[in-house]
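The values are calculated or read from the model by the stated rules, or taken from the named source; none is laboratory data. Everything numeric here is computed off the predicted structure, so don't read it as measured data. Counting neighbours? That spans all protein chains shown, and the Cβs are built from the backbone with ideal geometry, glycine included. Heavy atoms of the whole protein, side chains included, go into the accessibility calculation; ligands, DNA and RNA do not. Shrake-Rupley method; radii C 1.70, N 1.55, O 1.52, S 1.80 Å.
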There are 2 protein chains.
Amino acid sequence: MTAQAGCELCELALPVAWAGPKFSVIIVDDANYPGFCRVIWREHVREMSDLARDDRLLVNEAVYEVELAVREVMQPLKVNVASLGNVVPHLHWHVIPRYADDAHFPAPVWAQAARQPDESILAARRALLPELASAIARRFNP
Amino acid sequence: MTAQAGCELCELALPVAWAGPKFSVIIVDDANYPGFCRVIWREHVREMSDLARDDRLLVNEAVYEVELAVREVMQPLKVNVASLGNVVPHLHWHVIPRYADDAHFPAPVWAQAARQPDESILAARRALLPELASAIARRFNP
């Protein structure tokens, strides 16, 4: 199966930080979480354990490289990594930089918000996104 | 660093489905999520990207094997996999079987609950846990 009509990740139209034959990396435009990235598998596959072994290792390695880029540029207190896909069952990984002052810390970003983050802090983090895009591209380009 | 005083995962006292030299697998006693498992790294390490390459591959493989055991026994609609660690920054992975009738579906389990799951359905899933423990042990024992 390569594409499924109506799946927003099969029909991905967002600008990507890096796109290869098997997966893409996007920097999610999340107002509260500058630096939130996704690794999106190209084919419409449901679970990690549906992938062939080489592809699974490739995804794991991609998530690792994005985590490194996020740590290097965004300097988070913690990185959160998750593959959920309940709403869009097309394999993708969230890589989320977390900070003590972010909207939900220490709860997961999907919990009820704990605070409204300071706008100047968010703006400073948002200013790092071009550097993050470069760091991601550098890690995946040969 | 091998252990940190006060870290509940360094001082893990739960019964484990499998324990090896580098990581353990536990079946979490979660009332709403029978079959919820965790893969817990033994050493007090913060991020996946703090691990040496071989150890990182070992964790990824362990999470994969637990996902397979969960799919085989629990027959979920979807598997959720996440490494967060904001509260307990000691590397661990959640592997969570999800169903359309569970407490939060399609939201993440950390969101606000959407419903109270049917007790007889939970009981039927809970009855599978000994089989899940066996399936996990079988996958890790040589």
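Tabulated data for the structure shown
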| item | result |
| --- | --- |
| Residue that is in contact with an Asp or Glu (Cβ under 8 Å, 6 or more places away or on another chain) and small (G, A, S), where the choices are A:S24, A:S49 | A:S49 |
| Matching residues, the stretch B:125-142, being open to solvent by 50 Å² or more (accessible area, probe 1.4 Å), outside any loop (DSSP other than H, G, I, E, B) and of a type outside the set (K, R) | B:P130, B:E131, B:S134 |
| When residues of the stretch A:70-124 are limited to those that are touching a strand residue (DSSP E or B) at 6+ places or on another chain (Cβ under 8 Å) and in a helix (DSSP H, G or I), the one nearest to the other protein chains (Cβ to nearest Cβ) | A:R71 |
| Residues of the stretch A:37-53 that turn out to be crowded, with 17+ Cβ neighbours inside 10 Å, within 12 Å of chain B (Cβ to nearest Cβ) and not in a helix (DSSP H, G or I), as a count | 2 |
| Residue within the stretch B:54-67 that is more than 23 Å from A:L58 (Cα to Cα), within 11 Å of chain A (Cβ to nearest Cβ) and surrounded by fewer than 17 Cβ atoms within 10 Å (Cβ to Cβ) present | no |
| Per-region count, the stretch B:44-59, residues over 16 Å from B:N86 (Cα atoms) and either among the small types (G, A, S) or touching a strand residue (DSSP E or B) at 6+ places or on another chain (Cβ under 9 Å) (or both) | 5 |
